[in-house]
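The values are calculated or read from the model by the stated rules, or taken from the named source; none is laboratory data. Quick caveat, the model's predicted, so the values are computed rather than measured. For neighbour counting, all protein chains shown are included, and Cβ atoms are generated from backbone atoms with ideal geometry for every residue, glycine included.
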């Protein structure tokens, strides 16, 4: 091999090391929200340690995703930007943007004209709007779920491929579940739209299976593996948690669960799922691999704690979350014992945090809606490392992504790459 070839290989390896694993769906690889090899920063400000900042064409609560130096994120505009003067629903549009992760420049933007009428921009819907479903990519296509407007597939260059409706239902809280990819399937929790989980073919958007009876769930499903190696699609809904065969939608097991509506996604590690949600605090651990009703046979522990909206994060046999009021909690994942619960000073009224924690290296990042971003040490004792403010007074609802050693954070106004 000549020197030129050596240089090329070295540069390629350097790029791979810099980029790390792609954050290709909600909460990144395995839906875990974890990048242990990242050296993400602990301190930044409006004018310090921000690599780039790009204005977005509209509001949104969806998380950014990454693929080989590209960032994809959705927004909405034309209607629902001001509760006092929301505008005309006929003008509502959803955008899918592709940005260059190196400098934040917009590579392309595609507009989706949603089906209307939608629910009016008011009440709880106004807390997050019309672009809260995080897209997903497999490197060949980008898939976007847009509620009653259906699921859309685009090429990596932004060319529309297909669009499939999954239901006509609307809710005053809006639609918010994110796309899940498994083998050749695009899976969405369409509880709002049709009280079902629906699997579509990646190739043409045709419906492959549908599992009905999914009640009051804004929870993104998770593909996990049992201790025996069986793939299971975990679905959390009011009253019960389900394990489905992701290839067919057939129910493998069910378990009594949250006795209320559910927002947090399931979390899984080493053959155990962690389910939480509801206004009455509830969290449980359930061993995967069961059949039928496993309430009495596979539940490992239950406690009366919950983040309500955000999804917990598993790391080093501990579960972490910051709840909607700004309380930081750490739970022993093996026993359910509470390791710490600390009230944090988080600005705002009502629900102050919707975003889920992510882990970069050994630091936890918690994004509040109006009060900045909190950095905590990932230990069994509460340790607030930093509280950072970007000087952006719009709303931050989205869970960050991690690309290389940078946090990719979005608000209603801007997309940021934090860290040099």
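Residue count for segment 213-243, restricted to those that are in contact with a helix residue (DSSP H, G or I) (Cβ under 8 Å, 6 or more places away or on another chain) and either surrounded by fewer than 17 Cβ atoms within 10 Å (Cβ to Cβ) or part of a strand (DSSP E or B) (or both): 5. Comparison of 309, 286, 331 shows that the only residue that is in a loop (DSSP other than H, G, I, E, B), in contact (Cβ under 8 Å) with a residue 40 or more places away in the chain and surrounded by 18 or more Cβ atoms within 10 Å (Cβ to Cβ) is 309.
Do you know which of the residues in segment 374-386 that are touching a residue at least 60 places away in the same chain (Cβ under 8 Å) and surrounded by fewer than 18 Cβ atoms within 10 Å (Cβ to Cβ) is farthest from residue 355 (Cα to Cα)? For segment 374-386, the residue satisfying everything is 380. Considered as a group, the residues in segment 148-186 that are touching a strand residue (DSSP E or B) at 6+ places or on another chain (Cβ under 6 Å) and in a loop (DSSP other than H, G, I, E, B) include one that is nearest to residue 265 (Cα to Cα), and that residue is 177.
Does segment 189-202 include one or more residues that are over 29 Å from residue 269 (Cβ atoms) and either part of a strand (DSSP E or B) or at pLDDT below 95 (or both)? The answer is yes, given that some residue of segment 189-202 is over 29 Å from residue 269 (Cβ atoms) and either part of a strand (DSSP E or B) or at pLDDT below 95 (or both). For segment 79-112, the set of residues classified as in contact with a helix residue (DSSP H, G or I) (Cβ under 9 Å, 6 or more places away or on another chain), within 23 Å of residue 148 (Cβ to Cβ) and modelled with pLDDT of 95 or more consists of 79, 80, 86, 94, 112, listed by residue number.
What are the pairs with Cβ atoms under 6 angstrom where one residue, in segment 24-44, is free of Cβ contacts under 8 Å to residues at least 40 places away in the same chain and the other, located anywhere, is surrounded by fewer than 22 Cβ atoms within 10 Å (Cβ to Cβ)? Sequence gap at least six, or different chains. Sorted first by the residue in segment 24-44, then by its partner, the pairs are 29/21. For residue 179, the test of being within 20 Å of residue 138 (Cβ to Cβ) and within 22 Å of the chain's Cα centre (by Cα) is passed. Checked against the criteria, residue 371 counts as touching a residue at least 12 places away in the same chain (Cβ under 8 Å) and surrounded by fewer than 24 Cβ atoms within 10 Å (Cβ to Cβ). Across segment 130-147, what is the number of residues that are at positive phi and either outside any loop (DSSP other than H, G, I, E, B) or crowded, with 24+ Cβ neighbours inside 10 Å (or both)? Count: 1. Summed over segment 348-366, the residues that are more than 20 Å from residue 236 (Cα to Cα) and either in contact with a helix residue (DSSP H, G or I) (Cβ under 7 Å, 6 or more places away or on another chain) or in a loop (DSSP other than H, G, I, E, B) (or both) give a count of 8. The residues on offer are 393, 332, and the sole one that is more than 25 Å from residue 47 (Cβ to Cβ) and over 16 Å from the mean Cα position of the chain (by Cα) is 332.
Among the residues of this structure, residue 247 does not count as one that is surrounded by fewer than 16 Cβ atoms within 10 Å (Cβ to Cβ), in contact (Cβ under 8 Å) with a residue 12 or more places away in the chain and touching a helix residue (DSSP H, G or I) at 6+ places or on another chain (Cβ under 8 Å). Which of the residues that make up segment 47-73 are modelled with pLDDT of 95 or more, surrounded by fewer than 24 Cβ atoms within 10 Å (Cβ to Cβ) and farther than 17 Å from residue 130 by Cβ? 48, 49, 50, 51, 52, 53, 54, 55, 67, 68, 69, 70 - these are the residues of segment 47-73 that are modelled with pLDDT of 95 or more, surrounded by fewer than 24 Cβ atoms within 10 Å (Cβ to Cβ) and farther than 17 Å from residue 130 by Cβ.
Here residue 345 clears all of (1) assigned to a loop (DSSP other than H, G, I, E, B); (2) crowded, with 17+ Cβ neighbours inside 10 Å except the condition numbered (2).
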